[in-house]
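The values are calculated or read from the model by the stated rules, or taken from the named source; none is laboratory data. Being a predicted model, the structure only gives us computed values, none of them experimental. Positions of Cβ are backbone-derived with ideal geometry, glycine not excepted, and every protein chain shown enters the neighbour counts.
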Amino acid sequence: MTEYKMFEGCTIGNRIPFIEAASRKVFDKVGIETSQAPFTCCPDPTGMKSFDNNAWLTIGARNLCLAEAEEKDIISLCNGCANTLRGVQHQLKHDSLKKAKVNKELAKIGKEFKGSIEVKHFVDVLKENLNKVKEAVTKPLSGLKVACHPGCHYMRPAEWMESDDPMRPTTLRELVKAAGATVVDYEEEVLCCGSAVTNAYQDYGMANLKTKLDSIEKAGADVIVVNCPACFQQFDTMQRDLSKKYEKEYKFPVLYITELYALAMGISPDEIGLKFHRTRLDMEKLG
Amino acid sequence: MMIDFEFRKEVMDYHIGSDVIRYCYQCSRCTDNCPVSAVSKDFYGTTGYDPRQNILAALLGYKDVIFNADPLTIWGCTVCDTCDEVCPQHIELTEIFTFLKNKSTADGKAPDYLYAQAKAIFDSAKAIPSQPAIERRRDQLGIPPVVAPDVDELQTLLKNIGADKKLK
């Protein structure tokens with residue numbers, strides 16, 4: 001059995017841990033083993049990378065070193081962390097000058113980046129175990145109409161994410177169907193949630209979110225399913241403000257794919273802290 | 001408008017695919033597919049965020065067009081990497097925008113949240129520091145505490161590469 005190093009990331013670990021709770025319970029049901037490590041921030045591909053690319057590379061490489069020391073692959077619960085760790089690995093493997101520069105810095109703290117482990121996004125690991133997922137589903141969510149939002153950093157840039165089609169993703173759709181739910185098509189599936197731009201230019205972030213949610217509404221979805229904590233927060237916390245700004249009610253429940261799975265596997269909403277969501281899920285819709 | 005040849009050379013040297021940026025023929029697929037352009041540009045494209053114009057200015061070395069302008073010129077980018085995928089010339093635009101952003105943070109002209117996040121990472125090694133209320137919630141949810149990272153080691157790295165000097 002493969003044991004992964006769990007990379008829960010800052011947002012899930014230190015802000016919305018209920019997502020980690022659901023993920024750990026689902027991993028147990030599916031037989032995905034994990035252990036912890038003293039990882040720092042990945043660091044953020046929209047924040048720290050924009051702040052200083054060398055810092056991003058060096059801190060990212062240090063995190064990879066921690067997993068390399070234990071000869072274990074990383075499983076990331078977050079699009080941003082997966083994007084950073086895969087991106088750092090890609091840039092260092094394809095640019096010997098960058099690698100030498102980063103290793104010179106790492107040598108000063110007694111570390112060396114080798115590139116000897118893999119970084120996996122958790123949805124790709126779930127996809128590899130799809131048969132076990134289906135066996136663990138005891139309460140199929142038939143009748144639930146789901147709008148999938150895989151999020152930018154899970155699939156782009158394709159050159160280093162190598163996970164899914166960057167403009168026509170399918171993995172999250174397959175995972176949702178495995179829970180017995182129905183996936184709805186909507187025009188703006190690959191549109192960004194707008195989390196990064198919202199930090200500096202809220203009006204543009206809101207206008208973008210409106211485009212996204214109007215498209216989901218048109219498709220008749222009951223819930224939005226995501227696999228990134230930044231997207232989760234953007235949808236879960238911004239809908240109230242959006243409703244005020246545009247004088248139109250937006251209240252789509254937002255579920256992490258592992259929360260959807262937990263419910264389909266018979267785990268109670270209390271056990272996974274569903275009450276900590278801002279948006280409310282109508283349990284009767286679950287079928 | 002002055003051409004800054006040193007800036008131009010930096011752009012060429014920075015890009016991971018060396019000088020691929022030269023092959024930009026200004027087709028505008030980047031801007032046409034940019035979610036922020038979609039909600040910020042007017043019909044004639046005289047205002048708002050425009051990735052195509054940034055690439056043109058960077059590739060020609062017109063540093064002032066980018067840096068002596070509304071910060072939106074640089075910071076409108078939401079890092080969705082859509083432009084990278086639709087570019088017919090395989091230019092990794094987001095990498096070039098990262099270079100522009102890195103210069104902007106060094107000049108002290110980036111939006112506040114970037115400095116705040118970098119400071120949090122410098123101080124605690126996490127973008128979101130651990131808080132007692134969340135630690136209790138983790139315990140209630142039956143999940144183990146987050147393992148504390150080595151803050152000293154991270155600070156050593158950041159100081160050695162000089163990234164700490166950009167902090168506010």
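Pairs, please: C-beta under 8 Å, at least 6 apart or cross-chain, first residue in contact (Cβ under 8 Å) with a residue 24 or more places away in the chain and in segment B:1-15, second in a helix (DSSP H, G or I) and surrounded by fewer than 16 Cβ atoms within 10 Å (Cβ to Cβ)?
Matching pairs, first to second residue: B:Met1/B:Asp64; B:Met2/B:Asp64; B:Ile3/B:Leu60; B:Asp4/B:Asp64; B:Arg8/B:Leu60.
Determine which member of the set A:Ala55, A:Ala37, A:Ala22, A:Ala67 is at negative phi and outside any helix (DSSP H, G or I). So that I can check it myself, show each step before the final result.
Values: A:Ala55 fails: outside any helix (DSSP H, G or I); A:Ala22 fails: outside any helix (DSSP H, G or I); A:Ala67 fails: outside any helix (DSSP H, G or I).
That would be A:Ala37, the only listed residue that is at negative phi and outside any helix (DSSP H, G or I).
Would it be correct to say that A:Thr84 is touching a residue at least 40 places away in the same chain (Cβ under 8 Å), within 18 Å of the chain's Cα centre (by Cα) and assigned to a helix (DSSP H, G or I)?
yes
Is it true that some residue in segment B:37-50 is within 17 Å of the chain's Cα centre (by Cα) and among the β-branched types (Val, Ile, Thr)?
No, the conditions are met nowhere in segment B:37-50.
I'm trying to understand the selection: among the residues of segment A:108-140, which are over 22 Å from the mean Cα position of the chain (by Cα) and closer than 21 Å to A:Ala179 by Cβ?
A:Glu135, A:Thr138, A:Lys139, A:Pro140
Which one of these does A:Ile117 not meet: (1) under 18 Å from A:Val223 (Cβ atoms); (2) surrounded by fewer than 23 Cβ atoms within 10 Å (Cβ to Cβ); (3) among the aliphatic types (A, V, I, L, M)?
Failing condition for A:Ile117: (1).
So which of A:Cys231, A:Cys192 is crowded, with 23+ Cβ neighbours inside 10 Å and not in a helix (DSSP H, G or I)? First the steps, then the outcome.
Working: A:Cys231 fails: not in a helix (DSSP H, G or I).
Exactly one residue qualifies, and that residue is A:Cys192.
May I ask you to list the residues in segment A:8-37 that are crowded, with 24+ Cβ neighbours inside 10 Å, among the aliphatic types (A, V, I, L, M) and within 7 Å of chain B (Cβ to nearest Cβ)?
Once the filter is applied, which keeps residues that are crowded, with 24+ Cβ neighbours inside 10 Å, among the aliphatic types (A, V, I, L, M) and within 7 Å of chain B (Cβ to nearest Cβ), segment A:8-37 yields only A:Ala21.
Need the failing condition index for A:Lys212 against (1) assigned to a helix (DSSP H, G or I); (2) over 24 Å from A:Val123 (Cβ atoms), just the number.
Of everything listed in (1) assigned to a helix (DSSP H, G or I); (2) over 24 Å from A:Val123 (Cβ atoms), A:Lys212 misses just condition (2).
Each row is one residue, and each column tells you yes or no for (1) charged (D, E, K, R); (2) touching a Gly at 6+ places or on another chain (Cβ under 8 Å); (3) modelled with pLDDT under 95.
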site: A:Pro140; (1), (2), (3): no, yes, no
site: A:Val146; (1), (2), (3): no, no, no
site: A:Cys152; (1), (2), (3): no, no, no
site: A:Trp160; (1), (2), (3): no, yes, yes
site: A:Asp165; (1), (2), (3): yes, no, no
site: A:Leu175; (1), (2), (3): no, no, no
site: A:Ala179; (1), (2), (3): no, no, no
site: A:Glu187; (1), (2), (3): yes, no, no
site: A:Gly194; (1), (2), (3): no, yes, no
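For the subset of segment B:113-127 comprising residues that are free of Cβ contacts under 8 Å to residues at least 24 places away in the same chain and more than 7 Å from chain A (Cβ to nearest Cβ), which member is surrounded by the fewest Cβ atoms within 10 Å (Cβ to Cβ)? First the steps, then the outcome.
If we filter segment B:113-127 for residues that are free of Cβ contacts under 8 Å to residues at least 24 places away in the same chain, which is where we start, we get B:113-114, B:116-117, B:120, B:126-127.
Keeping just the survivors that are more than 7 Å from chain A (Cβ to nearest Cβ) gives B:116, B:120.
Numbers: B:Ala116: 15, B:Ala120: 17.
Per the stated criteria, the residue is B:Ala116.
Of all residues in segment B:18-42, which are exposed (fewer than 15 other Cβ atoms within 10 Å of the Cβ) and within 21 Å of A:Val197 (Cβ to Cβ)? Before you say what the answer is, go through the steps one by one.
If we filter segment B:18-42 for residues that are exposed (fewer than 15 other Cβ atoms within 10 Å of the Cβ), which is where we start, we get B:18-19, B:22-23, B:25-27, B:32, B:42.
Across segment B:18-42, the qualifying residues are B:Asp32, B:Asp42.
Go through (1) crowded, with 17+ Cβ neighbours inside 10 Å; (2) not assigned by TED's automatic domain parsing to the domain that holds A:Glu33 one by one and return the number of the condition A:Lys145 breaks.
All conditions are met except number (1).
Of all residues being within 13 Å of A:Lys210 (Cα to Cα) and without any contact (Cβ under 8 Å) to a residue 24 or more places away in the chain in segment A:234-280, which is surrounded by the most Cβ atoms within 10 Å (Cβ to Cβ)? Just the residue, please. Step through it out loud before you land on a result.
Taking segment A:234-280 as the starting set, the residues that turn out to be within 13 Å of A:Lys210 (Cα to Cα) are A:234-235, A:238-252.
The next check asks that each one be without any contact (Cβ under 8 Å) to a residue 24 or more places away in the chain; those that pass are A:243-244, A:247-249.
Numbers: A:Ser243: 14, A:Lys244: 11, A:Glu247: 6, A:Lys248: 12, A:Glu249: 9.
Step by step, filter segment A:234-280, then rank; the result is A:Ser243.
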